[in-house]
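Structure first, then comments.
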Amino acid sequence: MFSTINQLPFQLLLLILRWSHFHPEIVRACAKKLRRQTQLIPHARVRRELADLQLRESELWSGVYPTTDQKDENSAAYEKQEQTSSLLFLETSAQAQVETSNKLSRLSECRLWDTQKQFYKDQGIRAWSSGAIPFGVSSSSFLAAAYARIAVDFLLSNADRVRSSFTENGSPNCFVWEAASGSCKFLHSFMLHFTELVEADDEFERRGLVPLVVATDLSEQVLSSRRQMTCFRPFIERGQLDFALFDTHEFIHGNCSNSKPKKTLELVHACRQWNVGSDGPVALIGNYFLDSLRADIFTVAIQQDNPTRNGSSPSGGSLSETIMIQAALLDKDTSSIDDMDICLQPIENPSAHAVYEDPRLNATLVQVLDQFRSRVGACSPSPAEPVSSTGLVLFPVEAFEFLLTLFDRVGEAEVFPVAILAGDARFSFRDAISSAFITTKSTKDGTTEHVSLELPQLSPHPDCFCLPVDFEIFKLFIEHLDCSDTISASSELVSAPASDTFDVFFATIKTRKTAHGQDKDVANSLTSSFKHQFSRFTPGDCDLLWGMMSFDDGARCFSTDTLLALLAQTGWDFDLFVVLKWELLNRLRQQEDGLETECYQQLLVEAGIKSWQTFYHMEQQSETDITTRGIQLQLARWFYQVEAFDSVLEVLKPWRDEAHIDFKSSDDAGVFYLLGLTSLRMEEYWTSLSFFRLCARLAPTKLKYQRQVARTLVALQTLRSASNSSNESDGARSS
């Protein structure tokens, strides 16, 4: 695939380095490229993460390989100074700022978010099936399997808090809630892995735990179409899965129009109200969910005072520094991304003049700003990680209000523990503001300029505004909650080095009133379980692996054992299997006959069956449409080549069951031909003959179908003759 390791794309190179624990020989081979590419990384935070990772991994080899000076050279690259922009807003005068208008509001209060919600409601499942909204990295079978294990650990760790249910078809007493299920591709894989783990663990039955997975979305069309899909029906009928409409604003504030109280969801299949957090422990899952919730943006800068203005000499004494905080404002009626015009307005210190009414939100914002004050010595202690002289604070207002609602007490109802598993694109207030985000615009009189801000959007569609998520702010929020007398909380974050595509955040929250002495140990165990799931492999790595195998037939560069291990590592992800299946088949054909070949063939069959189980087709259409026909026919051909004939019939079951229906397309002839060949290999001659005749009728000009009909008739005649001869021989002996 690559003539040298230096031809690897940088992200794939980092993947190989991590998998090899930064093996000194590999590091030496790619040292020049690694150093050059590292210097191009714009964020000091990312360069520090890489330096720390390489330093930790290099300690593994200290007793095997002699130390070199290469580490110092790489460290110099990692420690490149952050460059600041000459257009930074802090250089503009206060007079140049636009005047505050009654129509200007913070970002969270504008109509962009209403447009986004309406987009999801109107588009339904087409938002994803059309390709408008990407979903690959957040819906892999690997991520679903990891989440399923963490959810199982969480529910079992809180089994003592729920009322056991030992009756048949008992009411659910513990829950997994997926917010914003969207394409439901992740949901499909999660249900497979989660139910398998629950059924394999006797503790659920012994302790009377009845889990229920609740999938929710803004779009009624998404929920109604998913409920009709055959892949979800068994879970629904067994009481393992239900659906509910979910609007974050209604969940937080309730809905006066239909008297729906806050913190409740209406389960569609069960036809009852679910009191979230009060009916049992909840493991909340939200991939690319938090980025769609209302947020505010603040700019922070460390400004050096003019030495001549305060009377100090340029050559004597140190310059004093102050923190300048500005809020991003725009017209509150702005409903389109194209119409955004962000203005920056200085605000007073939030610790003295609260920005938010809820003291918990305001305290979290102050904690973020304290990270910058620590840099200038204005507060202590110093932050755990350094910050730049400027920063963008993406403050997730609605996400925090949602979480507070989730575990706040409603009346006398008990509040059960909550776990949060959230995956999203990462952002950090520690990164310096890029000059790409800063623009200046002339005012109406043309004499002055005001500074405007370009937002670091994730928006995949003009009507679908969203922002990346700063999970460190979430960690500060959780830490603040943990300081209260009533709540015990902890959190952890996992991210792949030099990649902000998809990070995973985990938190547990419970009331101290119900806490036991061992709760701290339980929280630590859950955190360890979470970190273990992503210790050497992340959702982003799964995406990179798929790209690596797709590019230039990369599967040829890996051993058979490695390819099968990677499939298992990804939770038998069907998308990856599609890329690998023909290379795996070629390896089988190259082996000599023997016991080892039979074992390998069986491994391939098992891998194919497990991967086929994770296949998900998004559109609620006929199972025999053009999209699925191609995918399933190719898979069935693969199963035929590995002589897994029962699997061929299983994959092509929709066509096999409808073979008697007259309205068949000539495009289906290839499917029925393979069914005929499979039946022939299974010595079901009459069945194969009917399939071949159907092929000949659908495509009368193709002679191979007619020839196959003739061959099958000859085989049947030969079989009948042999049977008659055998009967005559038996009759002669008996006489």
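Taking the residues in the stretch 603-616 that are at pLDDT 95 or above and not hydrophobic (A, V, I, L, M, F, W, C) as candidates, determine which candidate is surrounded by the fewest Cβ atoms within 10 Å (Cβ to Cβ).
Filtering first and then ranking leaves GLU606.
Quick one: which residue in GLU598, GLU583 is over 26 Å from ARG227 (Cα atoms), acidic (Asp, Glu), in a helix (DSSP H, G or I) and under 28 Å from the mean Cα position of the chain (by Cα)?
On the way: GLU598 fails: under 28 Å from the mean Cα position of the chain (by Cα).
It is GLU583.
I'd like the residue in the stretch 218-236 that is within 20 Å of PHE251 (Cα to Cα) and not polar (S, T, N, Q) and, out of all such residues, is surrounded by the most Cβ atoms within 10 Å (Cβ to Cβ).
Taking the stretch 218-236 as the starting set, the residues that turn out to be within 20 Å of PHE251 (Cα to Cα) are 218-223.
Pick out the ones that are also not polar (S, T, N, Q) and you get 218, 220, 222-223.
Details: LEU218: 22, GLU220: 13, VAL222: 27, LEU223: 22.
Per the stated criteria, the residue is VAL222.
Based on this model, can you work out whether THR627 counts as part of a loop (DSSP other than H, G, I, E, B) and either in contact (Cβ under 8 Å) with a residue 40 or more places away in the chain or exposed (fewer than 14 other Cβ atoms within 10 Å of the Cβ) (or both)?
Values: part of a loop (DSSP other than H, G, I, E, B): no; either in contact (Cβ under 8 Å) with a residue 40 or more places away in the chain or exposed (fewer than 14 other Cβ atoms within 10 Å of the Cβ) (or both): yes.
Judged against the criteria, THR627 is not a match.
Just for the stretch 117-155: of the residues that are modelled with pLDDT of 90 or more and of a type in the set (Phe, Trp, Tyr), which one is nearest to VAL415 (Cα to Cα)?
The selected residue is PHE154.
Can you spot a residue in the stretch 159-168 that is part of a helix (DSSP H, G or I) and not acidic (Asp, Glu)? If you could, list the steps in order and put the result at the bottom.
Applying the first criterion (part of a helix (DSSP H, G or I)) to the stretch 159-168 yields 159-161.
Checking which are not acidic (Asp, Glu) leaves us with 159, 161.
Within the stretch 159-168, one or more residues are part of a helix (DSSP H, G or I) and not acidic (Asp, Glu).
Is one or more of the residues making up the stretch 298-315 at pLDDT 95 or above and on the phi < 0 side of the Ramachandran plot?
So in the stretch 298-315, the residues at pLDDT 95 or above come out as 298.
Subsequent filtering for residues that are on the phi < 0 side of the Ramachandran plot retains 298.
Checked the stretch 298-315: at least one residue is at pLDDT 95 or above and on the phi < 0 side of the Ramachandran plot.
Condition check ((1) in the same structural domain as ARG409 (by TED's automatic domain parsing); (2) within 30 Å of PRO134 (Cα to Cα)) across all residues:
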residue: ARG226; (1), (2): no, yes
residue: MET229; (1), (2): no, yes
residue: GLU237; (1), (2): no, no
residue: LEU241; (1), (2): no, yes
residue: PHE251; (1), (2): no, yes
residue: PRO261; (1), (2): no, no
residue: VAL268; (1), (2): no, yes
residue: GLY280; (1), (2): no, no
residue: ALA301; (1), (2): yes, no
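Inside the stretch 547-598, can you point out the residues that are surrounded by 20 or more Cβ atoms within 10 Å (Cβ to Cβ), in contact with a Leu (Cβ under 7 Å, 6 or more places away or on another chain) and touching a residue at least 40 places away in the same chain (Cβ under 8 Å)?
Listed by number, the residues that qualify are MET548, LEU567, THR570.
Please determine whether any residue of the stretch 266-283 is out of contact with any His (no Cβ under 7 Å at 6 or more places or on another chain), in a loop (DSSP other than H, G, I, E, B), at pLDDT below 90 and small (Gly, Ala, Ser).
Step one: list which residues in the stretch 266-283 are out of contact with any His (no Cβ under 7 Å at 6 or more places or on another chain), which gives 266-283.
Okay, now just the ones that are also in a loop (DSSP other than H, G, I, E, B), so 268-271, 276-281.
Still in the list and also at pLDDT below 90: none.
Within the stretch 266-283, not a single residue is out of contact with any His (no Cβ under 7 Å at 6 or more places or on another chain), in a loop (DSSP other than H, G, I, E, B), at pLDDT below 90 and small (Gly, Ala, Ser).
Out of GLU196, GLU220, I need the residue that is in contact with a Leu (Cβ under 8 Å, 6 or more places away or on another chain) and among the acidic types (Asp, Glu). Which one?
Working: GLU196 fails: in contact with a Leu (Cβ under 8 Å, 6 or more places away or on another chain).
Sole residue among the options that is in contact with a Leu (Cβ under 8 Å, 6 or more places away or on another chain) and among the acidic types (Asp, Glu): GLU220.
When you scan the stretch 646-672, how many residues do you find that are assigned to a helix (DSSP H, G or I), surrounded by fewer than 22 Cβ atoms within 10 Å (Cβ to Cβ), over 35 Å from the mean Cα position of the chain (by Cα) and touching a residue at least 24 places away in the same chain (Cβ under 8 Å)?
Residues meeting the conditions: 5.
Enumerate the pairs (first residue in the stretch 32-46 and over 13 Å from GLN11 (Cα atoms); second residue anywhere and at pLDDT 85 or above) with beta-carbon separation below 7 Å, excluding pairs fewer than 6 apart on the same chain, so at least 6 apart or on different chains.
HIS43/ASP431; ARG45/SER428; ARG45/ARG430; ARG45/ASP431
Can you name the condition, by its number, that ASN158 falls short on among (1) surrounded by fewer than 23 Cβ atoms within 10 Å (Cβ to Cβ); (2) farther than 23 Å from MET229 by Cβ; (3) at pLDDT below 95?
Only one criterion is unmet by ASN158, namely (1).
The values are calculated or read from the model by the stated rules, or taken from the named source; none is laboratory data. Keep in mind the model is a prediction, meaning the values are calculated, not measured. Heads up, the Cβs are rebuilt from the backbone with ideal geometry, glycines too, and the neighbour counts pull from every protein chain shown.
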